[in-house]
1. When you go through (1) at pLDDT below 95; (2) buried (at least 22 other Cβ atoms within 10 Å of the Cβ) one by one for Glu396, which number turns out not to apply?
2. Among the strands (runs of 3 or more DSSP E) contained in region 140-256, which hold 2 or more residues that are over 18 Å from Met275 (Cβ atoms) and among the small types (Gly, Ala, Ser)?
3. Do we have any residue at all in region 270-291 that's more than 22 Å from the chain's Cα centre (by Cα) and at pLDDT 95 or above?
4. Filter region 234-264 down to the residues that are over 23 Å from the mean Cα position of the chain (by Cα), in contact (Cβ under 8 Å) with a residue 60 or more places away in the chain and open to solvent by 10 Å² or more (accessible area, probe 1.4 Å) and list them by number.
5. Taking region 408-436 as the search range and keeping residues that are surrounded by fewer than 16 Cβ atoms within 10 Å (Cβ to Cβ) and in contact with a strand residue (DSSP E or B) (Cβ under 9 Å, 6 or more places away or on another chain), which one is nearest to Arg324 (Cα to Cα)?
6. At pLDDT below 85, part of a helix (DSSP H, G or I) and surrounded by 19 or more Cβ atoms within 10 Å (Cβ to Cβ), is that true of Ala44?
Amino acid sequence: MDEDQALQLGLFSGKARKGDLIVIGALEGEPPNLDGLPGEVAAAAVRWPRGSGSADLLVDLGLTTSGAAIAGRELGKRDALDSRKVAQFARAAVEAAVERRSRRLILAPPAHQLTSRDEGRELSLIAAAAATYRYGKYLEAKDEARLRWIGLARSGDRATLDVSVAAARAVASGARIARDLANTPPNIATPAWMAGEVRSLARRFGGQVVVLGPRELERRRMGGLLAVGSGSKNPPRLVRWRLGSRGSKIGLVGKGVTFDTGGISIKPAAAMHEMKYDKCGACAVIGTMVAAAQLGVAARLEAYLPLAENMPDAAAYRPGDIVRCADGTTVEITNTDAEGRMILADTLVWAAQAKPQHLVELSTLTGATVVALGTVGAALYTPDDELARTLLGAAERSHERLWRMPMWPEFVEEMKGNHADWKNAGERAGGANAAAAFLGHFARGAASWAHLDIAGTAYSAKPVSRAQSGATGYGVALLTRWLRDRARPVES
């Protein structure tokens, strides 16, 4: 796994250096916020032609006497500023820094209620760090940005600023690990390899890891996971990573199909290479555990990661098979490409048996979610209104969009089987809703549970650059924010 490429996040000391880039944000019709910036910046900011078509453009404001470059950007009207615009501001600043080959970037967002709160400050750094990400492990010519440090101009109480920077560092680190794991090619990232990476991370960040291999899966009668992995020479694994000893018990589940051909119900060849990203749910949960460990989140976390490779083979499971899952439920296989819900069925049963206060699962589960929400947001399914409220709030605060979807009883009826208790695929229309109904049956042992279908947000098929293609790390910031909010009530 690639290291953090030496990128550091911090607070600007107020002393600019030659080669630095200082990017100042302002709101329409208002002066820029110069708190925490050198006095020499103020003279340059006066030359900023605000209100003359500079909105959404970085304006070159020249150099300071120390040789630092200064740029400005308007972010629109005060009452229209939101997390999306703050993130865009940070990304644009990174692009400018990379283009100028700056080694240090200083962000000075406009003074606003959003940017003065911890999540606003964190968002600026997290978005900037995400924009620097490159997966160039297998590129002969490394496409690496020279940017090595990103800092916030000091504006406000130092103690709260330090907390924001520490949180941003943790989330950025977790997201980078999640992206590296998801981008790792399937000939490397087998179920056994992924399990080994979790063990390595637990040695680094703490906690206890248990890995179930094929024999133990058979002993526990986890037929769904065994069926999906039956056609591959790389046997399945089921990983549990426990972390923390205080606070509420929280279960996190992440789908980890390391490569998905569709099995006997094979996918079209076009874009099948992208199916290494069918493990993004597991990768996001791993990244969240890393972030939570660094922040010392007050919760007893249990991450469950079913890992399998779905391949067509003489031993592969078939349409028409009937599979018995860990709780005794029988499932008639109507489509072997509906494999994610099969490996999650056994996993949700095991996770629910631990009696967590909440059980949250992430998976790249259905194309139907992409049809409904595109690549803009993920789908949320939960019967718990309070859990929905807190997850949606965390999504808004972390700039990872989430939309609650219906859980009507008709979708449960649709998934009832003819020759078994359930079937693993229903009609094409409303497919994401029916899939959620299927998962709900196996999560029913948990007091409160949620399913997040991240199929549209987990990776980008239209990258901004070659080396930035692929996994987005979606879910790490959202889940980390949610866990932190549970440990510390949201301020009104």
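1. Among (1) at pLDDT below 95; (2) buried (at least 22 other Cβ atoms within 10 Å of the Cβ), the lone unmet condition for Glu396 is (2).
2. Numbers: elements: 149-152, 208-212, 237-243, 248-254.
Counting at least 2 such residues, we get 248-254.
3. No, that holds for no residue.
4. Asn234, Gly247, Ile264
5. Taking the candidates together, the pick is His419.
6. It is true that Ala44 is at pLDDT below 85, part of a helix (DSSP H, G or I) and surrounded by 19 or more Cβ atoms within 10 Å (Cβ to Cβ).
Yes/no matrix, rows are residues, columns are (1) over 25 Å from Ala299 (Cα atoms); (2) of a type in the set (A, V, I, L, M); (3) at pLDDT below 95:
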site	(1), (2), (3)
Val323	yes, yes, no
Thr334	yes, no, no
Thr347	no, no, no
Ala354	no, yes, no
Gln357	no, no, no
Leu365	yes, yes, no
Leu373	yes, yes, no
Leu387	no, yes, no
Trp408	yes, no, no
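Matching residues to (1) open to solvent by less than 40 Å² (accessible area, probe 1.4 Å); (2) in contact (Cβ under 8 Å) with a residue 24 or more places away in the chain; (3) within 17 Å of the chain's Cα centre (by Cα); (4) closer than 17 Å to Leu238 by Cα:
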| residue | (1), (2), (3), (4) |
| --- | --- |
| Ala351 | yes, yes, no, yes |
| Glu361 | yes, yes, yes, yes |
| Ala368 | yes, yes, no, no |
| Gly374 | yes, yes, yes, no |
| Gly377 | yes, yes, yes, no |
| Ala388 | yes, yes, no, no |
| Arg401 | no, yes, yes, no |
| Pro406 | yes, yes, no, no |
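The values are calculated or read from the model by the stated rules, or taken from the named source; none is laboratory data. Keep in mind that this is a model prediction, so the values were computed, not measured. A quick note on method: Cβ atoms are made from the backbone with ideal geometry, for glycine too, and the neighbour counts reach across all protein chains shown. Ligands, DNA and RNA are stripped out before the accessible areas are found, and what is left, the full protein with its side chains, is counted by its heavy atoms. Shrake-Rupley method; radii C 1.70, N 1.55, O 1.52, S 1.80 Å.
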